[in-house]
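For reference, the structure is listed below as structure tokens.
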Amino acid sequence: MQMRAILTTLSCAALNLSLCAAASMAARPQAGGRQALPEESKSSGIPDRKMNASNKSVDDAEAENFEATPRSVSRLSRRFLSDQEQIWTSPSKIRFSDTQWLVPLSGITAGLFVTDRDFSGHLSRDPKTISHYNNLSNAGIGALIGGAGGMWLLGHAKHNEHWSETGFLAGEAALNSLVVVEEMKYSFGRQRPNEGNGHGQFFHGGVSFPSEHSAAAWSVAGVIAHEYPGPLMKIMAYGLASLVDVSRLRARQHFPSDVLVGSVIGNLVAQNIYSRHHDPELGGEAWRSISQVFRGNGERSPANQGSPYVPLDSWIYPALDRLAALGVVNSGLAGMRPWTRNECVRLLGEAADKIDAGIGSAEAEKTFRLLETEFSDELEGKIGEGLRAKVESVYSRVTGISGPPLTDGNHFGQTITNDFGRPFQEGFNSVDGFSAWSTGGRWTGYVRAEYQHAPSAPAESVAARQFIGSVDPPGVPPATPYSAVNRVRLLDAYVGMNFENWQVSFGRQSLWWSPMQSGPLMFSDNAEPVNMFRVSRVSPFKLPRIPLGWMGPIRVEFFIGQLTGHEFVHDDTAGLVGQFGRPLDRQPWLRGEKISFKPTPNFEFSVSETTVFAGGPTPLNWHNLLRSYRTMVSRGGGGDDITDPRSGLDFTYRVPGLRRWLTFYGDAFSEDTISPLAYPRKSAIQGGIYMPRIPGVPKLDLRLEGGTTAPVDFPFCAGCFYVNDRYPGGSYVNRGNLMGSPLGRGGQDERAWSTYWLSSRNKIQFQYRHQKVDGQYLPHGGTLNDGGVNVDFLLRPNVSFSGSVLYEKWNYPLLAPVAKSNWTTSVGLTLWPHLWK
């Protein structure tokens, strides 16, 4: 009520002052000659009143402009009604491009609605604190309104029309905001945080949503900041408005969503009023609406175009890796994938410059020409032409496994790795699917859906189940056979928006955080894509040359997502909570960040961190999210520790003198530490070398990798990775599959791949793997050896064939008393409709 009184007073003052101005105008003689300004006006620094083009005084110009300015109650009323009509009918003028800001704003608001109750529940209830912030919010709004009113009064007294307009438009914006907010308040009836049960229930007679303090503050601040657009004035105006917002929260008068919506309403109403009534000849700057900001200046810059990510299993990445190793691509960051199509085009631009300059082999040029065909639409600028949609691929793959495979990478090992968590068992397996994407301005959407089939399988042996029960606190799982799988599954499926090369996306998404081909220790596509909200710098940026330019191209990525398939969680109060075969009602949440640097064209370095938090008895809210960062920095442990953090780093180094045929790379990972560099003895480590061409055989490449998750210098760490007491059953899994390296717990392996490039698109690859499981983790240990051949051929410009034959022999005494073997054969066909011309 106090707020309404203030705004009503301001509105009445504006009406009365405008009436006084009209009366003054009517009483003023209409002199034809120029009138000198009072001496005090000149001494105060206010400029002389200028003559218009007709050599008339400002007073005469004001008289002629009488219709444009509300100088009577009737005209002010008509203007007010016109303003309200503009405001309430504005939704009818929404264009598709407005979704670029309306959809994210709606998502943020919805997120705040979910967390409002918890956020307010963690604020102080001390009456002195509440009274202090209540007074502070009133003081802030009073300063803004008082300042605007004072400018109106002084503008009239000093004959400064700019001051007068600023005060008048600020009051007009506040008045119109008040009408909108009051209408919404009584329509939604939301209770305040200090009313009822504190849940902020709607339609219960409250007046909390939206905040009128926030609306008024941002209305007045917006007008002042645009009338006087200097940095200091903007900081002061918007700083006061932000102070009002924070104070209303701390005073427990509003929820965060109330404040956000109120602030947005105030800003939008002020922009509407200012844009239609501001006189640009008086000064100030044009106010670009949010829609105009997002639409930009009309240029279709790739930095502001939505672009889908290239799937992680695409042939494009090996091709670009080869170009990078051959020295024609320098700024690509291999340790952070996927890349958008626009980023791949940017890298092709680098390669084109080098190839045109004669740098690079004939093999590099052939690969470049093939990639040019793939990205022809982007290179020709067609993607920026309005709304476009493409069916990227239609594919079918059948896999036959003759003999018992390994299917539990979380505890033992996997026959098929890095396959998006697709199910497989002995017998006939298949996947049939398609992928498609669309773009429109800043927006992009992507969907990949498929039908998956896998045969049934018997339950694990008693010995295997007893071992699982010994390493995972829930106990021995029941002897439940694996049912046949026949399901339709979404893999990557998301929507995203790009703004100055920052792409925000939401949906099921896959990440690959390492240059390793066998699988990153931190985050891979070994499991199903995670439902996540993700912010990624899709194209590298550079810091100012002084003092941080030496860091070179930089990419940053952040995500927060929810895992699936977890059945148990440890509650500090109730103990172990959960049931076999029944997923938790509240699944764990995972967040992660990664930053990559490339200080030289030959050296890339990245650091990353992920933390499993919330889930089970712990809700997702801002308090627990911020708390997860604090516990990562200081490992407090105990009941206060709701997190399961991991840190990682990786690097890539091309030998300068041999940069066209030798690259070293590596990956390290640690649990519950700031960095693997700080605790190398308790870290998992992988490394590899890549030779894009063998001397004397330019079409043949070689890749060697090896790693371990069982540090030989730290025997107590056997099997300690990817687990946590709070989330038993393996905390770093999604629907039962490890999200990190297929090495799993206590593993060690060596791998080799050699590819013969028949052409830039057709190749034959030979592979070999030797993997062991540490005996200190798995009783009697385990050994796996496999070798095989993969082929990939382009049958037609838009049809490709892939096939593989793999022989595997494994010996895990705990799983079977004698060694077992199997043959895995896969055949796949992919149609690429987007390449049809």
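Between 0 and 90 degrees, rounded to the nearest ten: what's the tilt of helix 212-227 against the longest Cα principal axis of the chain?
Between the helix axis and the principal axis of the chain, the angle is about 80 degrees.
If contacts are Cα pairs under 8 angstrom and at least 6 residues apart, what is the relative contact order of region 142-243 in percent?
25
I'd like the distance separating the alpha-carbon centroids of region 766-825 and region 439-477, in whole Å.
Using only Cα atoms to place each centre, the spacing works out to 19 Å.
Roughly how far apart, in whole Å, are the Cα centres of region 88-149 and region 321-375?
47
Roughly what angle does helix 362-374 make with the longest principal axis of the chain, taking Cα atoms, 0 to 90 degrees, to the nearest 10?
Between the helix axis and the principal axis of the chain, the angle is about 50 degrees.
Which net charge results for the neighbourhood of A479, defined as the other residues with beta-carbon distances under 10 angstrom from its beta-carbon, given Lys and Arg at +1 and Asp and Glu at -1?
Summing Lys/Arg as +1 and Asp/Glu as -1 gives 0.
Please report the relative contact order for the chain, taking Cα pairs under 8 Å with a sequence separation of at least 6, and give it as a percent rounded to a whole number.
The normalised contact order for the chain reaches 9 percent.
For A527, what charge total do you get from the other residues with a beta carbon under 12 Å from its beta carbon, if Lys and Arg give +1 and Asp and Glu give -1?
0
Non-local amide H neighbours of D492 (under 5 Å, H modeled in plane, Pro and chain starts lacking H): which ones?
Here the answer is R448, since their amide H atoms fall under 5 Å of that of D492.
In what sequence, highest mean first, do 642-649, 605-612, 550-557 appear when ranked by Cβ atoms within 10 angstrom?
Result, highest mean first: 642-649, 605-612, 550-557.
Let me see the pair-distance distribution of region 222-271: every alpha carbon pair, 5 Å bin width, integer percents in order.
Bins of 5 Å from zero give 4, 21, 26, 23, 16, 8, 2 percent of pairs.
Can you give me the accessible area per residue for region 214-255, using a 1.4 Å probe, in Å²?
32
Suppose only helical runs count, i.e. DSSP H with n ≥ 4. What mean residue ellipticity at 222 nm does that imply for the chain under -39500 (n - 2.57) per run, divided by all residues and rounded to the nearest 500 deg cm²/dmol?
Helix-only estimate at 222 nm: -10500 deg cm²/dmol.
Taking the solvent-accessible surface of protein heavy atoms with a 1.4 Å probe, what is the per residue accessible area of region 470-540 in Å²?
Spelled out: the 1.4 Å probe surface of region 470-540, per residue, equals 35 Å².
Quick one: if you stick a label point 7 Å off each Cα along the C-beta vector at D353 and A139, how many nm between them?
5.5
Counting only heavy atoms of protein chains, what accessible area per residue, in Å², does region 131-209 have with a probe of 1.4 Å?
39
Sort out for me the Cα centre separation of region 507-585 from region 675-712, rounded to whole Å.
22
Net charge near V264, counting Lys/Arg +1 and Asp/Glu -1 over other residues with Cβ under 14 Å of its Cβ?
-4
At 0.36 nm per residue, minus the direct Cα-Cα distance, what do Y451 and V697 gain on full extension? Give it in nm, one decimal, please.
84.4 nm
Given a 1.4 angstrom probe, I'd like the percentage of the accessible area of the chain that is carbon and sulfur, rounded to a whole number.
Ligands and nucleic acids excluded, carbon and sulfur reach 62 percent.
The values are calculated or read from the model by the stated rules, or taken from the named source; none is laboratory data. Given the structure is predicted, the values throughout are model-derived calculations rather than measurements. Positions of Cβ are backbone-derived with ideal geometry, glycine not excepted, and every protein chain shown enters the neighbour counts. Accessible surface is based on the protein model in full, side chains and every heavy atom, while ligands, DNA and RNA are left aside. Shrake-Rupley method; radii C 1.70, N 1.55, O 1.52, S 1.80 Å.
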